[in-house]
Structures are given as structure tokens and as C-alpha cells.
Amino acid sequence: MNTWKNLGYLGLVPFLLGILALVQPKAIGNINPDIVFIGYSAIILSFIGGTFWQANASVQQTPRIISNLISLVAFVCLLIDQHIAIIVLGVSFVAAYVYERYFLSLVVEVNQDDDTRLSNQAYLTMRKNLTAIVFALHIIAFSLI
């Protein structure tokens, strides 16, 4: 398995720990269990937004604008009601995947060879899997808060 795949799937661990914290708040001591899940979710959403910064930036500015909007949404989610934050974060992960899959990848694929296309396809498959898992974990977190 590639390093990027390992890192991608390892990124689920803090989400799972966030769910554990919501189920067993005493497992994490005096830390607010709501902020464990929401905080990590906001960080990862911002990270994903940051990956759009350089995407096709020489052709258009839209990825940079989307990148900043995603980070601002993630930040606002740290300040609002937890139930709303979890909904917004979960939906934002799906929206970021859709944007990356259907808009960014279409432009990038035009100038790629077959090996690079296969690598991108593997990446997008991983992103789809991770997005589905993260969205499901947001549904679980919503029911626990």
C-alpha cells in the first residue's frame, strides 16, 4: 500500500477517537468530547481545502477561492452550535469530494499519461471511501451529542 493511502486511512483514527470520546467522555479526561470530534473534523476539512490551493491555479483562481471558503466554513464550525457544526462539516466533506472529483480532476486529466490517470483514479477511490466513512462518523457523532 502506498504511503499516501496509509496516511489517508490513519487519518480516520482521530475521528474514531472522537466518537469514543463522545461515548466514553471520561476516557479523555477533562477535555470536552464535543470539541475533540468537531475540532479534528474542522482541521481535516481545512487541510482538504488547502490541497485545492495549487490545483490548476495557473489556469483559474476558482480552486483558491474554494480553498479559502472551505477553511472559513471549518473555522465557523468551531464557533457555532455543535449539532449544526457536525451537519455543516459532514456535508462539507461530501461537497469537497464532489468538487475535487468532478471539477478539479476533469481539468487535470486532459494532460496526463495513462499511469498518472490510474494513480489519480486510485487516489479518488480512496477519497470516496474516506469521505463515506467520515460522513457516516458525522452521522454517528450527531446522534451522540
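Just a few scattered comments:
- Filtering region 120-136 to residues that are modelled with pLDDT of 90 or more, under 12 Å from residue 100 (Cβ atoms), out of contact with any Gly (no Cβ under 7 Å at 6 or more places or on another chain) and not polar (S, T, N, Q) leaves 127, 128.
- The set of residues in region 131-143 that are more than 10 Å from residue 15 (Cβ to Cβ) and open to solvent by less than 40 Å² (accessible area, probe 1.4 Å) contains only 131.
- Residue count for region 7-22, restricted to those that are over 17 Å from residue 140 (Cα atoms) and open to solvent by 40 Å² or more (accessible area, probe 1.4 Å): 3
- Output for region 37-77, where each listed residue is more than 15 Å from the chain's Cα centre (by Cα) and under 25 Å from residue 140 (Cβ atoms): 76
- Pairs where the first residue, in region 23-36, is open to solvent by 50 Å² or more (accessible area, probe 1.4 Å) and the second is modelled with pLDDT under 85, C-beta under 7 Å, 6+ apart: 25/33
The values are calculated or read from the model by the stated rules, or taken from the named source; none is laboratory data. Just so you know, these numbers come straight off a predicted model, no measurement behind them. Here the Cβ is made from the backbone with ideal geometry for all residues, glycine too, and neighbour counts use every protein chain on show. SASA here: full protein model, heavy atoms, side chains in, ligands and nucleic acids out. Shrake-Rupley method; radii C 1.70, N 1.55, O 1.52, S 1.80 Å.
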